[in-house]
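Below is one structure, written out as structure tokens; the observations come after it.
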Amino acid sequence: MQKIELQNRIDLEIFCPFCGTKVRSDEGLKTCEHVLYHASDYSFEYVKIGIGFDTDVDLGESSMDEYTDALEFENSFKIAVYDPPPSLFGGYVAFQKV
Ligand SMILES: [Zn+2]
């Protein structure tokens, strides 16, 4: 999946590029029809119904970042935001043009 990485921006507000919904902010996570998933290094917080897995999916040996990098959906991309070092804790959201 195409990926946009932003360092030191775990607190970044992210808006859906297709409909403008504010999907990630200090008010929490929201979804719209374009969001494929919300995830952090701990877990999936939201997975769109019908995309082939759910929030309980087994990542195997992969980190969340690796697992979500390997997912392929048409017309989609992932935004990854990371805490500053040494934490580098990640938050991930993916959008798909529907
Ligand atoms: Zn949207």
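The values are calculated or read from the model by the stated rules, or taken from the named source; none is laboratory data. A quick note: this is a predicted structure, and the numbers were derived from the prediction, not measured. A quick note on method: Cβ atoms are made from the backbone with ideal geometry, for glycine too, and the neighbour counts reach across all protein chains shown. When the accessible area is computed, the model is the full protein with side chains, heavy atoms only, and any ligands, DNA or RNA have been set aside. Shrake-Rupley method; radii C 1.70, N 1.55, O 1.52, S 1.80 Å.
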**OP:** List the residues whose amide H sits under 5 Å from the amide H of residue 24, counting only those 5 or more places along or on another chain, with H placed 1.01 Å from N in the peptide plane.
**Re:** 14, 30
Original post:
Where does each of 22-29, 74-81 land if you order them by average Cβ count within 10 Å, highest first?
Top reply: 74-81, 22-29
**OP:** With the full set of protein chains in place, find how many percent of the accessible area of the stretch 2-96 is carbon and sulfur; take the probe as 1.4 Å.
**Re:** 49 percent
Original post:
Restricting to the chain, what percent of DSSP beta bridges are antiparallel, rounded to 5?
Top reply: 80 percent
**OP:** For the stretch 61-76, just list the computed ³J(HN,Hα) in residue order, Karplus coefficients 6.51, -1.76 and 1.60, θ = phi - 60°, integers in Hz, with x standing in for Gly and Pro.
**Re:** 7, 7, 6, 4, 4, 5, 4, 6, 4, 7, 6, 10, 9, 4, 6, 10
Original post:
Near residue 15, within a Cβ-to-Cβ distance under 11 Å, what is the net charge of the other residues, with Lys and Arg +1 and Asp and Glu -1?
Top reply: +2
Original post:
Can you work out ³J(HN,Hα) from phi for every residue in the stretch 78-88, in order, using Karplus 6.51 cos²θ - 1.76 cosθ + 1.60 and θ = phi - 60°, giving whole Hz and x for Gly and Pro?
Top reply: 10, 10, 10, 10, 10, 5, x, x, x, 5, 6
**OP:** Run the quick spin-label model on residue 55 and residue 72: label points 7 Å from Cα toward the beta carbon, then report their separation in nm to one decimal.
**Re:** 2.9 nm
**OP:** Sticking with the crude label model, points 7 Å out along Cα→Cβ, report the distance from residue 89 to residue 3 in nm, one decimal please.
**Re:** 2.0 nm
Original post:
Amide H neighbours of residue 89 under 5 Å, counting only residues 5+ apart in sequence or on other chains, H built in-plane at 1.01 Å?
Top reply: 83
